[in-house]
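Novice: Mind looking over this structure? Questions follow.
FYI, it's all coordinate maths here, none of it is from the lab. For clarity, every value in this text was computed on a predicted model and none was experimentally measured. Neighbour counts are summed over all protein chains in view; Cβ atoms, including those assigned to glycine, are modelled from backbone coordinates with ideal geometry.
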Amino acid sequence: MARNGLNSSSTPAQEFTKSKINKENIQKISALLAYIKPYKSKFMFGMVFLLLSSVVGLAFPAIIQVMVDVATDKAPKYGLPNSINQIGLIAFGILFIQAVVSFFRIRLFVEVAEKALADIRRDTYFRMITLPMNFFANRRVGELNSRISSDLSQIQDTLTTTLAEMIRQVILLVGGIAILVYVSGKLTLFLLAIMPVVVVAGIFFGKALRKISRDAQDKLAESNTIVEETLQGISNVKAFVNEAFEASRYDKSLREVVKIALKGANYRGLFASFIVFCLFGAIMGVLWYGSFLVKQGDLSVGDLLAYIFYSFFVGAAMGSFPEMYANVQKAIGASERVLEILDEEHEPISMDPKNNEIKHVLNGDISFKNAFFSYPSRPDIAVLNGVSFEAKAGEKIAIVGPSGAGKSTIAGLILRFYNLQRGSILFDGHSIEDLAVTDIRNQVAIVPQDVILFGGTIKENIAYGKLSASDKEIEEAAKKANAHQFISGFPEGYETVVGERGVKLSGGQRQRIAIARALLKDPVILILDEATSSLDSESEKLVQEALEVLMKDRTSIIIAHRLSTIREADKIIVLDHGQIVESGTHKELSQIQEGLYKRLSSLQFEYQN
Ligand SMILES: Nc1ncnc2c1ncn2[C@@H]1O[C@H](COP(=O)(O)OP(=O)(O)OP(=O)(O)O)[C@@H](O)[C@H]1O
Ligand SMILES: [Mg+2]
């Protein structure tokens, strides 16, 4: 249970869905098996070693049998010599072979599975991040993450362990029964009468136990979610003095865990009693009836000993099948989820960075023609209702309007995160759909509304705009974005680690990093979505100056709430409820008496004074 740390709470349903094993599903899985192909010869060798180790394992009780027979003055079977020493040596020889074979079996299977899995993981990850935005809209990050982590681990387990184990157990089962019959038909009839009862009961118990331990895990994960949530929002908990409330919530959840764990303990206890009584009872029964046969002279002592060993093999093999079957089912379920990603239509972006380079250089004209749009996750709500505007190359176009009007949505559409329902977006007169998505995104830079920095150094975060940038270029960009000063204030300067495990930057600092990132990219089209909203007036002025330099000679789309920052724009578009209600220069719009722009700007003016 201790394994259930915080991590599992992000995926409370640790349970893997099982899928039927049928022809269609097997075919699906074989798509994944193709990943083993490059390592085919190693896999084959592994198989050979697996077969060898199973057969050798099967031979071992026979050696013991003959050894005891020779010791009790019976004739040796299977053509083995009539000497304890020689048999002992043969036994050690077999053990040695078994040891060597086991090593290579495990080593080869693990190598094949690890390498194939890394290939699948890499491809799945790449597919995942090249999927269109609307794929992510309906899915939680934790759930997608679990496909790459737990789903693929399940497949890996099945490939490395279950598959090999299944083959081994089949050999042990078939070989074991054959030898049992060979050693003593009478005892085997007796055994076959009691064994299935024990095995079926064992399977039943196993199932019930697994279900309860799963429930317990889910409950524990639930309680861990409480811990995670409160720790993440600890400042909220404290600010509202809700410590006692959270503690009692956690306590309640823990009581549930204990209740289920106790239920599980009942089953576990019963299972232990059952094992003691039935399983050992069955062995006792064989021993009892077997001793009787030995006494009658039907069986040798060695035979009886070997018999017990083989019964163990057969019983263990029978008992292991349900679990292995369940594992294969889980692996099929996991494969389906992974294949769902691999089969999903993705954006045409190549794994080879060379193929993603700019092929068609943009001039910078953008025009929206009667654009209608709603987000795929909420198709009933129209976000843009026939938006038309034009930005000539090099112009500064400002978009203003109330919160929720659709401003950031326009920015996302320019980057082709989504497709329009109706109307069109043109770049230099070409429809966005006729241009390569990489050509657009490579030449458009955005300073987003909510800047997210990656874990890593400040330098790496700025270089995200141009991976090949030199230190000098990075510093240059930071200087222009008015970020150099605060960066050099840190003891580690540009090597300061930011993100989860590093320094937390303020909103304004993050914005300036994002501006530096965009500067470094040197785009044809620049989108600033509230790029200076988190800055104080002093820094805003400085950054604004930097942005003026940045905006020169490129098309700029400036989204702003603070209207003072966009007075100089060539055109201001006023957006409300997904429609353009006014457009023109600051001067023109200020003259519309009942206009939205005038109202917004006078409100801000009052506010500021
Ligand atoms: N990913 C999304 N999925 C579904 N709906 C969305 C998504 N993003 C935004 N919306 C909705 O689209 C509408 C417009 O959002 P948008 O972010 O474009 O507004 P905005 O004008 O940028 O507002 P703000 O000034 O507050 O940033 C809102 O009603 C919002 O709820
Ligand atoms: Mg916005």
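Novice: Find how much the distance from S235 to E476 grows on full extension, using 0.36 nm per residue of separation minus their present alpha carbon separation; answer in nm with one decimal. Intermediate values should be presented prior to the final figure.
Specialist: Details: separation 241, 0.36 × 241 = 86.76 nm, distance 3.76 nm.
Separation in residues times 0.36 nm, less the Cα-Cα distance, equals 83.0 nm.
Novice: Taking Rh as the Kirkwood radius computed over C-alpha pairs, what is the Stokes-Einstein D of the range 185-298 at 10 °C in a medium of viscosity 1.306 mPa s, expressed in µm² per second?
Specialist: Details: Rh = 18.1 Å.
For these conditions, the coefficient is 88 µm²/s.
Novice: Among bridges DSSP assigns within the chain, what percent are antiparallel (round to 5)?
Specialist: Numbers: 20 of 38 bridges.
For the chain, the DSSP antiparallel bridge percentage is about 55.
Novice: How much mean residue ellipticity at 222 nm does the chain get from its helices, if each DSSP H run of length 4 or more adds -39500 (n - 2.57) and you divide by all residues, to the nearest 500 deg cm²/dmol?
Specialist: Details: 21 runs with 358 residues, N = 609.
Dividing the helical sum by the residues of the chain leaves -19500 deg cm²/dmol.
Novice: Chymotrypsin sites (Phe, Trp or Tyr not before Pro) within the range 50-110: which are DSSP loop residues with at most 14 other Cβ atoms inside 10 Å? List each step's numbers first, then the result.
Specialist: Values: sites: Y78, F92, F96, F103, F104, F109; in loops: Y78.
For chymotrypsin sites (Phe, Trp or Tyr not before Pro) across the range 50-110 that sit outside H, G, I, E and B with at most 14 neighbouring Cβ atoms in 10 Å, the list reads Y78.
Novice: Put a dot 7 Å past each Cα toward the Cβ at V581 and S213; how far apart are the dots in nm?
Specialist: 6.3 nm
Novice: Can I ask one more? Full extension from E500 to V276: what is 0.36 nm times the residue separation minus their Cα-Cα distance, to one decimal in nm? Spell out each step's value before the answer.
Specialist: Numbers: separation 224, 0.36 × 224 = 80.64 nm, distance 5.19 nm.
Full extension from E500 to V276 adds 75.4 nm.
Novice: Report, to two decimal places, the Cα Rg of the chain normalised by 2.2 N^0.38 Å (N = number of residues). Let's see the in-between values first.
Specialist: Numbers: Rg = 35.3 Å, N = 609, 2.2 N^0.38 = 25.2 Å.
In units of the 2.2 N^0.38 Å rule of thumb, it is 1.40.
Novice: Okay, moving on. Distance from the Cα centre of the range 238-316 to that of the range 65-93, in angstrom?
Specialist: Centre-to-centre distance over Cα atoms comes out at 36 Å.
Novice: Stretch A193-Q421 to full length: gain in nm at 0.36 nm per residue minus the Cα-Cα span?
Specialist: Numbers: separation 228, 0.36 × 228 = 82.08 nm, distance 6.94 nm.
So the extension gain works out to 75.1 nm.
Novice: Would you work out which of M195, V100, M166 lies farthest towards the positive end of the dipole of the chain? Charges go on Cβ: Lys and Arg +1, Asp and Glu -1.
Specialist: M195
Novice: Given the pairs K359/K552; K407/K480; K42/K211; K252/K504; K396/K504; K392/K541, which are separated by over 31 angstrom at their Cα positions? Walk me through the intermediate numbers first.
Specialist: Working: K359/K552 24 Å; K407/K480 26 Å; K42/K211 37 Å; K252/K504 35 Å; K396/K504 33 Å; K392/K541 26 Å.
From K359/K552; K407/K480; K42/K211; K252/K504; K396/K504; K392/K541, over 31 Å: K42/K211; K252/K504; K396/K504.
Novice: Tell me, what is the Rg over Rh of the range 481-609, with Rh the Kirkwood radius over Cα pairs?
Specialist: My calculation of the ratio gives 1.04.
Novice: DSSP loop (so not H, G, I, E, B), at most 14 other Cβ within 10 Å: list which trypsin sites (Lys or Arg not before Pro) in the range 389-437 pass both filters. Don't skip to the end; give the middle numbers.
Specialist: Values: sites: K392, K396, K407, R416, R422; in loops: K392, R416.
Answer in residue order: K392.
Novice: Quick one: P(r) of the range 366-608 from all Cα-Cα pairs, 5 Å bins, percents rounded to integers, in order of increasing distance.
Specialist: Histogram of Cα-Cα distances, whole percents per bin: 1, 6, 13, 17, 18, 16, 13, 9, 5, 1, 0.
Novice: Could you size up the charge dipole of the chain around its Cα centre, putting +1 on the beta carbon of Lys and Arg and -1 on that of Asp and Glu, and report it in debye to the nearest 20? The partial results should precede the final answer.
Specialist: Values: 66 positive and 65 negative charges, 400 e Å.
The calculation lands at about 1920 debye.
Novice: Shifting gears a bit: Where in the chain are the DSSP H helices whose C-alpha atoms run 27 Å or more along the long axis and whose mean Kyte hydropathy is at least 1.0?
Specialist: Working: long enough: 40-71 (47 Å, 1.63); 84-129 (66 Å, 0.90); 163-183 (30 Å, 2.00); 185-232 (68 Å, 0.54); 243-274 (46 Å, -0.21); 301-343 (61 Å, 0.67).
Helix filter hits for the chain: 40-71, 163-183.
Novice: May I ask you to list the chymotrypsin sites (Phe, Trp or Tyr not before Pro) in the range 375-483 that are in a DSSP loop and have at most 11 other Cβ atoms within 10 Å of their Cβ? All intermediate terms of the calculation are to be shown ahead of the outcome.
Specialist: Values: sites: F389, F417, Y418, F427, F454, Y464; in loops: F417, Y418, F454, Y464.
Filter output for the range 375-483: F454.
Novice: Rounded to the nearest 0.05, what FRET efficiency do V549 and M133 give with R0 = 30 Å and r taken as the Cβ-Cβ distance? Could you check?
Specialist: Details: r = 31 Å, r/R0 = 1.05.
Step by step, r from the Cβ atoms, then E = 0.45.
Novice: Sticking with this one: Quick one: if the Förster radius is 35 Å, what FRET efficiency do Q296 and F96 give, using the C-beta to C-beta distance and rounding to 0.05?
Specialist: Working: r = 38 Å, r/R0 = 1.09.
After rounding to 0.05, the efficiency reads 0.35.
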